[in-house]
């Protein structure tokens, strides 16, 4: 039984949400977390724990198969509330990466849909997602060095894992912005689309992922997320154990039957 005080604290966290909202489309089986603080969708410190709680809630919602993170007002987010950084108590911001890692921990696929800017913490959150789509005029980056500080929500390691240490140092230590074309070339983006075509690209990826077998999808995400910090022999063991558990599941059985009958497997209702 959950102590009442824990439930009350969790409820209090989500009782006063400013700058965030959630939409759910049951037909498309997608839940969307939206940054909505005009004009640039700045993310306040309290929002970080709320982002985590909302992603966890969507991850536990059986009607949601895919999670999307995006911004209102034609922009993803310009980053965190800089003025608020000095208001937090000493050692009060040393564990920010834990909240921002929520997309990575989610069992379901998480898509970051980037427009205009994804800077600072918003880019760090996007880096924790499984897929990133951006419009061609978008700029991404971790500009904290220009403020006399450094990224503190997981951006240093995630960006280095994605693009290599040399590029990460050149980007973070100089506070460089990454163009959408560079991000595509470097493997940060899964897709770059013309301005105005982001909604269609999101819908296409959501439909694809929502119709994939859900248990294998969650399993392969978990295995792939260990690649950066797991020795090869351990990774192969994890892969093999995950494969063996899936092998006797209903989705694999359905897939094999469809293959033998020369039909396309339909996992949409499983």
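The values are calculated or read from the model by the stated rules, or taken from the named source; none is laboratory data. Since the model is a prediction, treat every value here as computed from it, not as a measurement. Every residue, glycine as well, gets a Cβ built from its backbone with ideal geometry; the counts of neighbours run over all protein chains shown.
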For the stretch 27-46, which residues satisfy the criterion of being under 17 Å from residue 99 (Cα atoms) and touching a strand residue (DSSP E or B) at 6+ places or on another chain (Cβ under 6 Å)?
33, 34, 35, 43
Looking only at the stretch 66-82, count how many residues are modelled with pLDDT of 95 or more and out of contact with any strand residue (DSSP E or B) (no Cβ under 7 Å at 6 or more places or on another chain).
1
Is there any pair linking a residue in the stretch 143-168 that is on the phi < 0 side of the Ramachandran plot to one that is buried (at least 17 other Cβ atoms within 10 Å of the Cβ) and part of a loop (DSSP other than H, G, I, E, B), with Cβ under 6 Å and at least six apart or on different chains, and which?
144/151; 151/142; 155/142; 162/188
Surrounded by fewer than 16 Cβ atoms within 10 Å (Cβ to Cβ) and without any contact (Cβ under 8 Å) to a residue 40 or more places away in the chain: does that describe residue 258?
yes
Check off (1) loosely packed, with under 13 Cβ neighbours inside 10 Å; (2) touching a strand residue (DSSP E or B) at 6+ places or on another chain (Cβ under 7 Å) for residue 146 and give me the number that stays unchecked.
(2)
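This table checks each residue for (1) under 26 Å from the mean Cα position of the chain (by Cα); (2) under 30 Å from residue 161 (Cα atoms); (3) at pLDDT 95 or above.
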{"position": "222", "(1), (2), (3)": "yes, yes, yes"}
{"position": "234", "(1), (2), (3)": "yes, yes, no"}
{"position": "242", "(1), (2), (3)": "yes, yes, no"}
{"position": "248", "(1), (2), (3)": "no, no, no"}
{"position": "252", "(1), (2), (3)": "no, no, no"}
Give the number of residues within the stretch 22-45 that are surrounded by fewer than 18 Cβ atoms within 10 Å (Cβ to Cβ) and without any contact (Cβ under 8 Å) to a residue 24 or more places away in the chain.
3
Options 198, 184: the member that is farther than 23 Å from residue 101 by Cα and under 23 Å from the mean Cα position of the chain (by Cα):
198
